[in-house]
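Q: One structure coming up, written as structure tokens, with questions to follow.
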């Protein structure tokens, strides 16, 4: 069973539907017992980093996610959920993340040319570099996924498993052991997105 | 590289997809769920659902259909029509919409865009504007293009973007339904005024019109159309292959 962490951020209907579409048994939950019992955890998120980090902390689910990650359970952060996996964000101030993956969240305006629109919104191609992470085993270099974001993962070079070109090479996905994150929305990325979710669902649990 | 988006628009009334020619004379075309799946399978980058129902029953039927679409289709969904309040935003977002398009509702309630952007984020709020030239000036029209509000369109669009609209759909009443091509001068004026994504609507009749749009106005992010897709006068897969061959960045999907 895959547990989608419900900490009061965003609409999780599409995410759950997309997991059901790849044959996974997915539940939306804030119940620590269910999250501990789950084989895998997905950390979703939309909106501002500060608010989301606070909600996660208030619910105590931040510690739980860290504990489960330490046990080796596969964790997938999506969009803001990916950003929360890193150490820190500079979106409207300075906010602590979960620190499961080294790196910080900075405005994309810092690295892209001035004539590029912000947010980075739409379909962009994924580039994997020399080695393709198991999360992307059903994908081909250049497959398109759907992005909506104004901030990106910086100083996380060691963990980057995919980038997207938008006037600069932006972090599209990160991984450190059993902890993974996608800046884009696999649940909104058509068959390519479903193939990523399928690969995550099929990963061996340690 | 970010791709240009091709967006079919589905007007829904009493649970069926309809399309007006110059906004008049509605025809039933197909089931919204079936049509949405067809478009998604053939490469549509996003879908827009427009609720043109007036009755409460029709509205309930629309949200049911939307929920069913969101259960089966995994590309971004924008929903518009009858969005007048934050409660309306809530209602359609809960059914699985990713973005909400406001038109007359923003004209009636000038704080709607600002409040919605604050609550749901700029990326969630799409400003849709029906624009028509009156004595050489771009004017905002309301009520499905029937009523001249007297507002100057570029000023209105600039204001709404300032309030937090994350994207703008520009529908030219002058070119809508005519199939003579998008309204390039109008779109140019909007692109010059705002820096958020601009979606062109009204006037597409064939593949060449999309090619013309993206070649002459590289700032435009997406092209939206309805009847030419519904009646299969333009096939989305062929359209995208053709634009890709001309060097316009397009997302294409593998068959099978």
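Coordinate-derived values only; no laboratory data. Every value quoted in this text rests on a predicted model; they were computed, and no experiment measured them. Cβ coordinates were reconstructed from backbone atoms using ideal geometry, including for glycine residues, and neighbour counts include every protein chain displayed.
Q: Given labels modelled 7 Å from the Cα in the Cβ direction, how far is it in nm from residue A:111 to residue B:31?
A: If labels sit at residue A:111 and residue B:31, their model points lie 4.5 nm apart.
Q: Could I ask something else about it? For chain A, just the Cα set please: Rg and Dmax, both in angstrom.
A: 15.5, 49
Q: Right, another one. Tell me what chain B gives for mean residue ellipticity at 222 nm when only DSSP H runs of n ≥ 4 count, each as -39,500 (n - 2.57), the sum divided by the residue total, rounded to 500 deg cm²/dmol.
A: -10500 deg cm²/dmol, from helical runs alone.
Q: Would you please state which residues of the range B:30-72 a label at residue B:252 would reach in this model, taking the label point 7 Å out along Cα→Cβ and a backbone N cut-off of under 16 Å?
A: From the range B:30-72, the list is B:42-45.
Q: Moving on to the next point. Just order B:210-219, A:12-21 by mean Cβ neighbour count inside 10 Å, highest at the front, would you?
A: A:12-21, B:210-219
Q: How far is the Cα center of the range A:132-176 from the Cα center of the range A:76-98, in Å?
A: Computed from Cα coordinates, the inter-centre distance equals 16 Å.
Q: I'd like the distance between the alpha-carbon centres of the range A:1-47 and the range B:177-212, rounded to an integer number of Å.
A: A separation of 40 Å, based on Cα centres.
Q: On average, how much area does the Cα convex hull of the range B:185-244 cover when viewed from any direction, in nm²?
A: Numbers: hull surface 16.0 nm².
Average of the hull's projected areas for the range B:185-244 equals 4.0 nm².
Q: How much length is gained on full extension from residue B:215 to residue B:85, taking 0.36 nm per residue of separation minus their Cα-Cα distance?
A: That pair, residue B:215 and residue B:85, stretches by 43.0 nm at full extension.
Q: Output the Cα-based Rg and Dmax of the range A:72-188 in Å, rounding Rg to one decimal and Dmax to a whole number.
A: Using the Cα atoms of the range A:72-188, the pair Rg, Dmax is 13.2, 43 Å.
Q: Mean separation of Cα pairs under 8 Å and 6+ residues apart, divided by the residue count of chain A: what relative contact order is that in percent?
A: RCO, chain A: 21 percent.
Q: Also, quick follow-up: Along the three principal axes, how long is the range B:119-256 when you take its alpha carbons, biggest first, rounded to the nearest angstrom?
A: That works out to 47, 34, 25 Å along the principal axes.
Q: Given only helices, namely DSSP H runs of n ≥ 4 each adding -39500 (n - 2.57), what is the per-residue ellipticity at 222 nm of chain A, to the nearest 500 deg cm²/dmol?
A: Counting only the DSSP helices, I get -7500 deg cm²/dmol.
Q: Would you please put B:91-101, B:179-189 in order of how densely packed they are, using the mean number of other Cβ atoms within 10 angstrom per residue and starting with the highest?
A: B:91-101, B:179-189
Q: In percent, what relative contact order does the range B:5-245 have, based on Cα pairs under 8 Å that are 6 or more apart in sequence?
A: Answer for the range B:5-245 is 16 percent.
Q: In µm²/s, what is D for the range B:5-245 at 37 °C and 0.692 mPa s, where D = kT/(6 pi eta Rh) by Stokes-Einstein and Rh is the Kirkwood radius from Cα pairs? Kindly include the intermediate steps, with their values, before the conclusion.
A: Details: Rh = 17.7 Å.
Taking Rh from Cα pairs, D becomes 186 µm²/s.
Q: Shielding by partners for B:41-47, please: the mean number of other protein chain Cβ atoms within 10 Å of each residue's Cβ.
A: Across the residues of B:41-47, the mean count of other-chain Cβ atoms within 10 Å is 2.
Q: On to the next question. Would you calculate the volume per residue, in Å³, of the smallest convex hull containing every Cα atom of the range B:130-174?
A: 69
Q: May I pose another question? For the protein assembly as shown, would you read off the P(r) tail past 33 Å as a percentage of all alpha carbon pairs?
A: Tail of the P(r) past 33 Å holds 33 percent of the pairs.
Q: Calculate the mean, over all residues of peptide A:139-150, of how many other protein chain Cβ atoms lie within 10 angstrom of the residue's Cβ.
A: Details: counts 0, 1, 0, 2, 3, 9, 1, 8, 1, 8, 1, 3.
If you average over the peptide's residues, the count of other-chain Cβ atoms is 3.
Q: Give me a single rounded figure for A:181-191: the average over its residues of other chain Cβ atoms within 10 Å of their Cβ.
A: 3
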